[in-house]
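Nothing in this text is a laboratory measurement; each read-out follows from the coordinates by a stated rule. Keep in mind that what you see is a predicted model, and the values were worked out from it rather than measured. Here Cβ is always computed from backbone atoms with ideal geometry, including for glycine, and neighbour counts include all displayed protein chains.
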Amino acid sequence: MNTFKQLFGKEYVKVKLSLLWLFVMLNYIYADILTLMDSSVLKEILSGVIGAGIQVTPGFLLAGAILMEIPIAMIILSLLLKYKINRWANIIAGIIKTLAVFASMFVGTPALYYIFFGIIEIFTTLYIVKIAWTWQNSGESKK
Amino acid sequence: MNMDKNIVKIEHLKMKISTLWIVVMFNMVFADILTLYIPEFLQEIVTGATPVQITQELMFIMAIIIEIPIIMIFLSRILKPGTNKLANITASIITIFFVTAGGSLIPHYIFFATIEVICLLLIIRYSLNLSKKNGGEK
């Protein structure tokens, strides 16, 4: 028995989900940082219109922030929430992020690096949905 | 085979605190990344005409302050309960001050900063349960 399971016992699924959200977050971040190093995109941002005519307004950025808060919050919520609500939060968040990344790949012509990160992100969030979907309640300890 | 209950409890607590620091960091990183997508701000950086001049000294100071929440991800897992509590509370207060006083009033920044402050207050709350009698000895 490894220390990981010894320490977390029946809650190890929660730790696994939390780590997967952490993993997918780093992919989101690097996709966005590399985008800023992409001269063609950087020129578009400077001109104020990106992709196929998207205006970068404060409202657009707020919407982006809210969409990004979902996976960030799931890193901690996967650890804290009780089984039933935890499971549904993971399923819903996983589906939302899978669809969002899938849709973002059709904005303008996506670069190769963006497709690479996007595919990893989609597989990770689908895996999260699968884990949450098949997650059986094994009588979590009362706090 | 069975680990001491107190040690398990304290390890769970440390992991939650460390994870909250990770969440704070992602909020800080994305607040900054999205700011770079603002056309006017990017133009100001390129031309060096930002309201507050971004000098080497300013960026160095910011690097030091940002290092605090980064290092807390690690320290909150390894420090002994007593020191751990003190470090978490001090670092949380500094970081709350940094994100609120040093922030901007752009909607997405306010959104991220609000969540950062909530997480930092949670860190302080969790830290209060870290005491020497709870798993101080190994």
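Helix A:112-133 against the longest principal axis of chain A: what's the angle in degrees, Cα atoms only, rounded to the nearest 10? Taking Cα atoms only, the helix is inclined about 30 degrees. Put simply, the Cα atoms of chain A extend 55, 29, 20 Å along their principal axes, the longest span coming first.
Averaging Cα coordinates gives a centre for the range B:76-105 and one for the range B:4-37; these two points are 11 Å apart.
Sort B:His12, B:His108 by Cβ crowding within 10 Å, fewest neighbours at the top.
Details: B:His12 16, B:His108 25.
Fewest to most other Cβ atoms nearby, the residues stand as B:His12, B:His108.
Please state the Cα pair-distance histogram of the range B:7-138 with 5 angstrom bins from zero: what percent is in each bin? Result, from short to long distances: 2, 10, 19, 20, 16, 12, 8, 6, 4, 2, 1, 0 percent. Counting other Cβ atoms within 10 Å as a rough exposure proxy, the listed residues A:Arg87, B:Arg77 run B:Arg77, A:Arg87 from fewest neighbours to most. Anisotropy class assigned to the protein assembly as shown is oblate, per the alpha carbon gyration tensor with a/c at or over the 1.5 cut-off and a/b no larger than b/c.
What angle do you read, to the nearest 10 degrees and between 0 and 90, between the alpha-carbon axis of helix A:12-37 and the longest principal axis of chain A? Roughly 10 degrees, rounded to the nearest 10. For B:Lys80, the aspartates and glutamates whose Cα comes closer than 13 Å to its Cα, not counting residues fewer than 8 places off in the same chain, are B:Glu11, B:Glu137.
Placing unit charges on each Cβ (+1 for Lys and Arg, -1 for Asp and Glu) gives chain A a dipole about its Cα centre, and among A:Phe23, A:Ser47, A:Leu112 the Cα reaching farthest toward its positive end belongs to A:Phe23.
Helix A:83-104 and the long axis of chain A differ in direction by around 20°, with both axes built from C-alpha atoms.
Given 0.36 nm per residue, what is the gain on full extension from B:Gln56 to B:Glu11 after removing their alpha carbon distance, in nm? Could you put the intermediate results ahead of the total?
Working: separation 45, 0.36 × 45 = 16.20 nm, distance 3.99 nm.
Taking 0.36 nm per residue and subtracting the Cα distance, the gain is 12.2 nm.
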